[in-house]
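The structure under discussion appears below in the form of structure tokens.
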Amino acid sequence: MTHRVYVDGPIHGEALGLLRDAVEVVPSFGVGAVEMGAALPKVDAVLVRTARLGAQDIGRARSLRVIARHGVGVDNIAVEAAARRGIPVLITPGANLRSVAEHVFALALAVGRNLPRADRYVREGRFAARDGLLGRELFGASLGIVGLGRIGAEVARMATGGFGMRVLGHDPFLSPDGIRAAGAEPAGSLPDLLGACDLVTVHVPLSEATRGLLGRRELTSMRPGSVLIQTSRGGVVDEEALTGALRSGPLAAAGIDVFENEPPPDDHPFFSLDNVVLTPHTAALTEQAMRRMALDAARGILDVLAGADPHNPPEGAAWQVFDPGPATAP
């Protein structure tokens, strides 16, 4: 029997070819595109990019055996509904960590060196205005990392090895020794970290436990003149509170890649702030990461459909089952 796999959105051609060599691909794009609702009752697997796969969707997919996420975040997948059906949700945890970590520093440099304004000044013939673009170096600054998973640890490695920064970390699921092993000095608590750092970056998944993790109280406790970088998931940082902290202090600036609603509305208050650099959820969008995410997700689907135990991946597999972890907030 030929398995059928629904692919939500375009993926790297190499991964698409890998799937087509082994299964029948039902695409949501291009020639022969099928809407997810029509495809779900007849497919054995779904490769999810950006579409929302809710509990009702999973309930209608009676033949579904495996879901693979093109990336790491699963806030667009009803993982509890999948678990009740015994359907594993696979993620590709190593595929985009370097791309996201690099984007943290792209935003930090853009903010710290006033790059958007500098570009605009040159284009407008305001070259002499450069004296008003005094920047700040990353070297020697203190970086606080909230969440020391794979991406957080990669950010720590780049910060110390590439920029000579002092790195502090907070992660309630790691011991002090575990935080040190990830490349950071343990902060006593989240407020301790926020008040001690020049730059703070967030790397936690979005869940009910982490929604609003950085709210008004947390943001107003940050070091005066500090910078926040947000590349995790929209909703982890309270955007209304962040707007206030950027307008009235203590924050000097922010670099934001993710939003509570994507795309953000036309009247979003971030758009009126000169001390914010915004990118459209592109931290993981590099050529290399897109290839890795697609291939890892496709191989995970094929492995499981071929009989692999999703909780015991074959040696060398780059995919794994999503683990929701403890349900307590950081």
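The values are calculated or read from the model by the stated rules, or taken from the named source; none is laboratory data. Worth saying up front: this structure is predicted, and the values here are computed from it rather than measured. Please note: Cβ atoms are built from the backbone with ideal geometry, for glycine as well, and neighbour counts cover all protein chains shown. Each accessible area value is taken on the protein alone, full model and side chains, heavy atoms only, with ligands, DNA and RNA left out. Shrake-Rupley method; radii C 1.70, N 1.55, O 1.52, S 1.80 Å.
Here are a few things to note about the model shown:
- Each part gets one Cα centre, and for segment 159-232 versus segment 83-156 those centres are 14 Å apart.
- Helices meeting the span-like rule in the chain (full DSSP H runs, Cα extent of at least 18 Å along the helix axis, mean Kyte-Doolittle score of 1.0 or higher): 97-112.
- Where GluC sites (Glu not before Pro) fall in DSSP loop in segment 211-315, at most 10 other Cβ within 10 Å: Glu315
- Segment 1-61: trypsin sites (Lys or Arg not before Pro) falling in loop per DSSP and having at most 12 other Cβ within 10 Å: Arg52
- Environment charge at Thr160 (Cβ cut-off 14 Å; Lys +1, Arg +1, Asp -1, Glu -1): +1
- Across the chain, C-alpha contacts under 8 Å between residues 6 or more apart give a mean separation that, scaled by the residue count, equals a relative contact order of 19 percent.
- Percent antiparallel among DSSP beta bridges (both partners in the chain, rounded to 5): 5 percent
- Value at 222 nm in deg cm²/dmol, rounded to 500, when DSSP H runs of n ≥ 4 in the chain each add -39,500 (n - 2.57): -9500 deg cm²/dmol
- Label zone at Glu14 (point 7 Å along Cα-to-Cβ), backbone N below 13 Å, segment 274-311: 287-299
- Rounded, prolate or oblate (a/c below 1.5 giving rounded, otherwise prolate when a/b exceeds b/c) for segment 109-251 by Cα gyration tensor: prolate
- Filtered GluC sites (Glu not before Pro), segment 92-169: DSSP coil and at most 12 other beta carbons within 10 Å: Glu124, Glu137
- Cα gyration tensor category, rounded, prolate or oblate, for segment 1-106 with a/c compared to 1.5: oblate
- Net charge over other residues, Cβ less than 15 angstrom from the Cβ of Arg120 (K, R count +1; D, E count -1): +2
- Range of Cα positions in segment 194-310 per principal axis (Å), largest first: 57, 28, 23
- Within the accessible surface of the chain, defined with a 1.4 Å probe on protein heavy atoms only, the carbon and sulfur portion equals 51 percent.
- A straight line joining the Cα centroids of segment 288-321 and segment 17-54 runs 17 Å.
- Around Gly144: net Lys/Arg minus Asp/Glu count, Cβ-Cβ under 13 Å: -3
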